[in-house]
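J.: One structure is given below, represented as structure tokens, and several questions about it will come after.
The values are calculated or read from the model by the stated rules, or taken from the named source; none is laboratory data. Since the model is a prediction, treat every value here as computed from it, not as a measurement. No Cβ is skipped: glycine too gets one built from the backbone with ideal geometry, and neighbour counts run over all protein chains shown.
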Amino acid sequence: MILKNLATSWAQALSRIAGETDPYKIALARYMLESLLSSILSLLFILLFGLIFGVLKTAVLLTVVVMLLKALMGGLHLKTPFRCALVGAIMTIILSYIVLFLPFHQLPTLLQLWVFVFMIYIVWKQAPLEAKGKPLTTEQKRGLARKSRIVILLIVFICWCWPQGFVTNELFYGTAFQVLNLTKPMAQAIDGLDQLLDRGWNKFQGYIKGK
């Protein structure tokens, strides 16, 4: 909520300075500012956790892959930017360990093929899956859908042709994670986590008030 309020006030201030009155452009500026603040917070968590757990390089590479793909494909989010940043950083650290202990080239070829088919299918059907509050026109959505399809095919080609490339591990796992964020099971998991965090927060507030 803090990040959203900051982004809203900054967008309104910028619109006044620029003399902009178009509600769509103001809403777009607010969304971009909120996304930027959320990304900075997420990066800070990832740098901190990456240093603590000794997977900084892998975590940063995974973050770059996911952030670039999310800009095209969209994806699911938790209720607040803070939750997204914190949970996203934790997931990135977990994924970093998977990358290090189970490199892409060690996966069975059949499994690789099934994952590739899954990723292509989901992107073709779901992307772009945009967060609430992101103002996009129909034409912009079509453009992102086309770009998402081109990018996923390019990623599959790179992973298949250079299985032991410099960033192939991070590219494969980061893409797989991002594609999962376009699926209904992940949406259900995120909703459940949001509800769990809400209950925990409400109990914490009740405990503080009780004292």
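J.: Of the residues Gly174, Gly200, which single one is surrounded by 10 or more Cβ atoms within 10 Å (Cβ to Cβ), part of a helix (DSSP H, G or I) and modelled with pLDDT under 90?
T.: So the residue among Gly174, Gly200 that is surrounded by 10 or more Cβ atoms within 10 Å (Cβ to Cβ), part of a helix (DSSP H, G or I) and modelled with pLDDT under 90 is Gly200.
J.: Here's something else I'd like to know. Step by step: first the residues of segment 65-91, then only those that are touching a residue at least 60 places away in the same chain (Cβ under 8 Å), of a type in the set (A, V, I, L, M, F, W, C) and in a helix (DSSP H, G or I), then the one that is surrounded by the most Cβ atoms within 10 Å (Cβ to Cβ). Which residue is that?
T.: Ranking the qualifying residues of segment 65-91, first place goes to Met73.
J.: Going by the conditions given, is Leu110 at pLDDT 95 or above and assigned to a helix (DSSP H, G or I)?
T.: For Leu110, the condition - at pLDDT 95 or above and assigned to a helix (DSSP H, G or I) - is met.
J.: Yes or no: Ile46 out of contact with any Leu (no Cβ under 9 Å at 6 or more places or on another chain), more than 24 Å from Gln164 (Cβ to Cβ), of a type outside the set (Gly, Ala, Ser) and modelled with pLDDT of 75 or more?
T.: Against the criterion (out of contact with any Leu (no Cβ under 9 Å at 6 or more places or on another chain), more than 24 Å from Gln164 (Cβ to Cβ), of a type outside the set (Gly, Ala, Ser) and modelled with pLDDT of 75 or more), Ile46 does not qualify.
J.: With assigned to a helix (DSSP H, G or I), more than 16 Å from Leu69 (Cα to Cα), touching a helix residue (DSSP H, G or I) at 6+ places or on another chain (Cβ under 7 Å) and modelled with pLDDT of 90 or more as the only criterion, which of Val123, Val179, Val115 stands out?
T.: Val115 is the lone residue from the list that is assigned to a helix (DSSP H, G or I), more than 16 Å from Leu69 (Cα to Cα), touching a helix residue (DSSP H, G or I) at 6+ places or on another chain (Cβ under 7 Å) and modelled with pLDDT of 90 or more.
J.: Is one or more of the residues making up segment 97-115 touching a Gly at 6+ places or on another chain (Cβ under 8 Å) and among the hydrophobic types (A, V, I, L, M, F, W, C)?
T.: No - not one qualifying residue is present in segment 97-115.
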